[in-house]
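Asker: Structure provided below as structure tokens; questions to follow.
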Amino acid sequence: MRAAFYLLKKLSSAAVTLFAISLLTFFAFQILPGDPAAIILGVDADPLQVQALSKQMGLDLPIQQRYFNWVGGLFSGNLGVSLRYQVPVMELIRDALPVTAGLTVLSLLITVVLVVPVSVYLAKNNNKKLATALSAVMQVGIAVPSFWLSILLILVFSVALRWLPSGDFIPFSQSFWGAVRSLVLPALSISIGTTAVVIRYLKNTLLDQMNMDYVRTARSKGLTRNAVLYRHVLKNALLPTVTILGMIAVEVLGGSIIIENVFNLPGIGRLLISGVGNRDFPLVQGLVFYLALTVVAINFLVDLLYAAIDPRIRIDR
Amino acid sequence: MEHLLDVEGLTVEIRIRGHAYRALDSVGFRLDRGEIVGLVGESGCGKSLTALSVIGLLPEAARVGAGEIRFRGADLVEWTEARMCGLRGKDISIVFQEPMTALNPLMPVGRQIAEAFLQHGGSKSEARAAALRVMKQVGLSRPDSLYWEFPHQLSGGMKQRVVIAMALINRPALLIADEPTTALDVTIQYQILELIKQLNRSLSTAVLLISHDLGVVREVCSRVIVMYAGFIVEEGGVGEVLRRPLHPYTRQLLESIPTPQKRGRPLYTIPGVVAALDQRPAGVCPFCDRCARARPRCREAVPRLTEQNGRKVRCFFAGGGAE
Amino acid sequence: MLKKCVQNKNFMIGAVLLGILVLILAVSFFYLPYDPNGMNTQQKFQLPTPAHPLGTDNFGRDILSRVMKGSQSVFLVGFSSVGIGFLFGLLFGAAAGYLGGAVDEVLMRITDALMAFPGVILALVIITVSGSSTLHTAAALGVTAIPRFCRIARAGFLQIKEMDYVKAARSRGASPLRLMALHILPNMVSPLLVTASVGFAGAVLSEAGLSYLGLGIQPPEPSWGMMLFEAQAYLLSSPWYAFIPGCLITMMVLGFNLLGDGLRDVTDARTA
């Protein structure tokens, strides 16, 4: 029962947040200086044409109506129509999604694989010189701008070593592994920063947990330090780490926006930037809402995961 | 005759900011099979440190400066960590004060008890049965369903029983109980103490019971050791010591316990507090600053622990009439 | 407390890094070796020489001068972004924490909604609508920074509101404003400072990203992010060009991160 209440609470919270997001997204685009139709058609446009476009865009309706129309559209999967491409936003997203999804998944994979071994090593050898050096490296990793890192990675891996392609992206439809190879450098650029953040967090959590009383109890049973670490401490430390996973996924999404532009990957990030550059309001509006929706969904999933793992939430007293 | 536990001249130092301070000074006592001995003193007197030294779980900053801890004749101070791991939970067990935080919140309690069994060579097939058996022994009801429950589902008293079960599943020769009831309600306190007494009888487990509460010690122990500021200041049979204390500290401690006879009078408290580790003067009696009967002699040297009719006391002016 | 800061390694390294950058900034107001926009195509892509300590770019412009001028916009964006976030975050957080109830709920929902937008997206929205410029970038990043400060302020106010000594002061008739100033604010200084420091780092990174995409500070104003973008095209022929702006951005972000970490270490140890 407690679990059910917890989830219900999180769900309603997510719903309210989504509502707030829809308001913010919609009205952000309404504080325009000027008429979007006029901006689109240019300064010298024929006023009649501007009016016609305005009507076509539905801009003559009262604002509440426009908002409700838009929200109504959301429920049926209609995120608007791109001005530039004259194609429903949803369709553009569908085409761009595999790339961004692949990039995100690969980045998260790299993070997940690296985090546990490195954090455990750092926690166990907290005072040794190698650990301090590693920590310093990670600090730099967090500070380095991802797009600069990409440039460096391209220099090293594509140009100097010729291990990985730096050319155009190979779509999944053409070759699965070709696509993955094209995504490795971009994923690395993003994940180096986020991995460093998670490693730091997990290491600190591990150190905190090692001071807990149950560790003392375990050792008094005769368990070695290593056994205590792997059988008791690690799980207790991974639990709060799951909560920042949601935050990390969001960071990765945000990072992909820039990185896709660096590597010219046909994903959602590049779509968004071109939309901003073209002042394609409907496209940007739809994309922004879509991304925010994704974030809320990810956070909700993380909450679900947390409830499933932590017996204190799952089971009542 | 070999004693079960024979501590001699144990000195433990703690490093604070580069300096080493003596937290335990020439502590020595013996325990025999099946005995229940109490170790009393205020916070800061070193009783927990003594317990941790015996089982080899001293904190990072502390180390044994001198002395021997002989368990069944072997000096544990010399042992490697690996050998100590084989000893902990099997020959010597310890339970601590805080049951609320003593268990891993993510593992079912039964599994945590079974872990102690498995750690010392028990087979997987027998582990659950052994756990259930010891859970019954410590008075936990419905062990079968309790086995799979998580710590947050249990009360403080139940958790402490779980901890005791964990400690006793391998039938250790010695159980060290560091303030096992301090964090519990009075009624539960009584139950846990009864449990300890009963287990001592049925399993012949020797118990070193650490407490700041003389009442608890009187209930359960046959012998009592009084500590102050890292030194042992008195030792003897529980009845004797409580009836006719030889050391001023013990006497003043008894004075400060409220009893019906003292009703109506202001309650005596020992003036001052136990000095912090880095503020203990060397070469003087550790208690002289707070002692009601201190004399110039007390500031000249540390008194030796002398033996009189089976009782030990560390005072230049031991004995003498009641105050 | 300053003494403890000086003893903390993180803090000092951060301070040194930032010190260098602040020095560059300070000097840039008075003296620039060359006109940052002065082109000299005959001297393209030069590696560091005494004449051009950091080399020249694809238009023959002196990189050192451009970097120095660029530092002005970086600091400007950083300060305004943190400033806006701090001011409004504190205001909203204080209102939410102290007043509680419906005000709290509404403000928290808005904050949650803001935090649901990954980093630069909010900035992108504002830029789509209002066009790109230094001012817009600063404002956009400022708005993005509000939620974090708001959270801290709110947590601080909530926590302290319930503490005994505040209740005691209240029962003696102290006015809310006085309470806030004397009791509540001093305790929040540390986490706020840490957030400000780390926030500055984030703002610098975001701004660099935006400029890199051509959506932040517009040319001919030199910006470090834009310089990186320009350098990328010449990566194979002159990799040196890309090196400097990246280094500087990293230095600045690292400096603020370490400063923030050091502050956090010091304040944690104190309250521990």
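A short reminder: the numbers here are calculations on the coordinates, not readings from a lab. Remember, it's a predicted structure, so these values are computed and weren't measured experimentally. Here Cβ is always computed from backbone atoms with ideal geometry, including for glycine, and neighbour counts include all displayed protein chains.
Asker: Regarding region B:198-283, what is the average projected area of its C-alpha convex hull, in nm²?
Answerer: 7.7 nm²
Asker: If the rule is a partner Cβ under 4.7 Å, which cysteines in the protein assembly as shown fail it?
Answerer: So far as the 4.7 Å Cβ criterion goes, B:45, B:85, B:221, B:291, B:315, C:5, C:150, C:247 stand without a partner in the protein assembly as shown.
Asker: Another question, if that's okay. Angle check, please: helix A:234-263 long axis (alpha carbons) against the longest principal axis of chain A (alpha carbons), in degrees 0 to 90, nearest 10.
Answerer: The angle comes out near 40 degrees.
Asker: If you don't mind, there's one more thing I want to ask. In nm, to one decimal, how far is the modelled label at residue C:193 from the one at residue A:128, with both set 7 Å along Cα→Cβ?
Answerer: For the pair residue C:193/residue A:128, the computed spacing is 3.5 nm.
Asker: Taking amide H atoms as placed 1.01 Å from N in the peptide plane, list the residues 5 or more away in sequence, or in a different chain, whose amide H sits under 5 Å from that of residue B:38.
Answerer: Answer set, sorted by chain and number: B:209, B:222, B:223, B:224, B:225.
Asker: What's the magnitude of the charge dipole for region C:67-267 around its Cα centre, counting Lys and Arg as +1 and Asp and Glu as -1 at the beta-carbon? Answer in Debye, nearest 20.
Answerer: Roughly 620 debye, rounded to the nearest 20.
Asker: Express the Stokes-Einstein translational diffusion coefficient of region C:1-104 in µm² s⁻¹, to the nearest whole number, given a Kirkwood radius over alpha-carbon pairs, 20 °C and a viscosity of 1.002 mPa s.
Answerer: 125 µm²/s
Asker: How crowded by other chains is C:208-214, given as the mean number of beta carbons from other chains within 10 Å of each beta carbon?
Answerer: 5
Asker: Considering the Cα positions of region C:67-267, please state its Rg to one decimal place and its Dmax as a whole number of Å.
Answerer: For region C:67-267, the Cα-based Rg and Dmax read 19.7, 74 Å.
Asker: Quick one: putting +1 on the C-beta of Lys and Arg, -1 on the C-beta of Asp and Glu, what dipole do you get for chain A around its Cα centre, in Debye to the nearest 20?
Answerer: 1980 debye
Asker: So which chymotrypsin sites (Phe, Trp or Tyr not before Pro) in region C:1-91 pass both tests, a DSSP loop state and at most 10 other Cβ atoms within 10 Å of the Cβ?
Answerer: Answer by residue number: C:31.
Asker: Take peptides B:92-98, C:230-236, A:232-238, B:210-216 and line them up by average Cβ neighbours within 10 Å, highest first, as a rough protection proxy.
Answerer: B:92-98, A:232-238, B:210-216, C:230-236
Asker: Most fluctuating residue of B:264, B:89, B:272 in a GNM of chain B with Cα springs under 10 Å: which is it?
Answerer: B:264
Asker: I would also like to ask the following. Measuring from a point 7 Å past the Cα of residue B:204 along Cα-to-C-beta, which residues in region B:22-58 have an amide N at less than 16 Å?
Answerer: It comes to B:32-36, nothing else.
Asker: Please work out how much length the chain gains when fully extended from residue A:297 to residue A:15, using 0.36 nm per residue of separation minus the C-alpha to C-alpha distance, in nm with one decimal.
Answerer: Contour length minus Cα-Cα distance gives 100.5 nm.
Asker: For region C:67-267, build the charge dipole from Cβ charges (+1 Lys, Arg; -1 Asp, Glu) around the Cα centre, then report which of C:140, C:220, C:243 sits farthest towards its positive end.
Answerer: Of C:140, C:220, C:243, it is C:140.
Asker: Separation between the residue A:2 and residue B:80 pseudo-spin-labels, each 7 Å from Cα along Cα→Cβ, expressed in nm?
Answerer: 4.4 nm
Asker: I would also like to ask the following. How many Cβ atoms of partner chains, on average, are near each residue of A:227-240 if near means within 10 Å of its Cβ?
Answerer: Counting other chains' Cβ atoms within 10 Å and averaging over A:227-240 gives 2.
Asker: Something else: If the viscosity is 0.890 mPa s and the temperature 25 °C, what translational diffusion coefficient in µm²/s does Stokes-Einstein give for the protein assembly as shown when Rh comes from Kirkwood over Cα pairs?
Answerer: Using the Kirkwood radius from Cα pairs, D works out to 75 µm²/s.
Asker: Mind ranking B:124-137, C:237-250, C:143-156, C:103-116 by how tightly packed they are, going by the mean number of other C-beta atoms within 10 angstrom, highest first?
Answerer: Peptide ranking by packing, descending: C:143-156, C:237-250, C:103-116, B:124-137.
Asker: Hey, what did region C:67-267 get for relative contact order, percent, Cα under 8 Å, at least 6 apart?
Answerer: Relative contact order of region C:67-267: 27 percent.
Asker: Further, regarding this structure: Mind checking C:125-133 for the average number of partner chain beta-carbons within 10 Å of each residue's beta-carbon?
Answerer: 6
Asker: Something else: Please tell me the relative contact order of chain B in percent, rounded to the nearest whole number, where contacts are Cα pairs under 8 Å and at least six residues apart.
Answerer: Averaging sequence separation for qualifying contacts and normalising by length gives 20 percent for chain B.
Asker: As I understand it, the dipole of chain A uses +1 on the Cβ of Lys and Arg and -1 on the Cβ of Asp and Glu, about the Cα centre. Which of A:12, A:97, A:122 lies farthest toward its positive end?
Answerer: A:122
Asker: Here is a follow-up. For a quick check of your reading of the filter: which GluC sites (Glu not before Pro) in region B:222-310 sit in a DSSP loop and have no more than 15 other Cβ atoms within 10 Å?
Answerer: Sparse-neighbourhood loop GluC sites (Glu not before Pro): B:300.
Asker: Also, quick follow-up: How far, in degrees from 0 to 90, does helix A:2-28 lean away from the longest principal axis of the Cα atoms of chain A, to the nearest 10?
Answerer: Taking Cα atoms only, the helix is inclined about 40 degrees.
Asker: Checking the a/c ratio against 1.5 first, then a/b against b/c, what shape does the Cα gyration tensor give for chain A?
Answerer: Taking the square roots of the gyration eigenvalues as a ≥ b ≥ c, chain A is oblate.
Asker: Set Lys and Arg Cβ to +1 and Asp and Glu Cβ to -1, take the dipole of chain B about its Cα centre, and tell me which of B:125, B:76, B:214 lies farthest positive.
Answerer: The residue sitting most towards the positive pole is B:214.
Asker: Across 10 Å bins from 0, what is the distribution of all Cα-Cα pair distances for region B:146-291, in whole percents?
Answerer: All Cα pairs considered, the percentages come to 9, 31, 32, 20, 7, 1.
Asker: Let me ask something else. Please work out whether chain B counts as rounded, prolate or oblate from its C-alpha gyration tensor, where a ≥ b ≥ c are the square roots of the eigenvalues and a/c under 1.5 means rounded, while otherwise a/b larger than b/c means prolate and anything else oblate?
Answerer: Cα axes put chain B in the prolate bin.
Asker: Could you give me the ³J(HN,Hα) list for region C:231-242, computed from phi with Karplus coefficients 6.51, -1.76, 1.60 and θ = phi - 60°, whole Hz, x at Gly and Pro?
Answerer: Using θ = phi - 60°, the values come out as 5, 4, 5, 10, 4, 6, 8, 9, x, 4, 4, 6 Hz.
Asker: Output ³J(HN,Hα) for region C:251-259: one whole-Hz value per residue in order, computed from phi by the Karplus curve 6.51 cos²θ - 1.76 cosθ + 1.60 with θ = phi - 60°, and x for Gly and Pro.
Answerer: Values, residue by residue: 4, 5, 5, 4, x, 5, 4, 5, 4 Hz.
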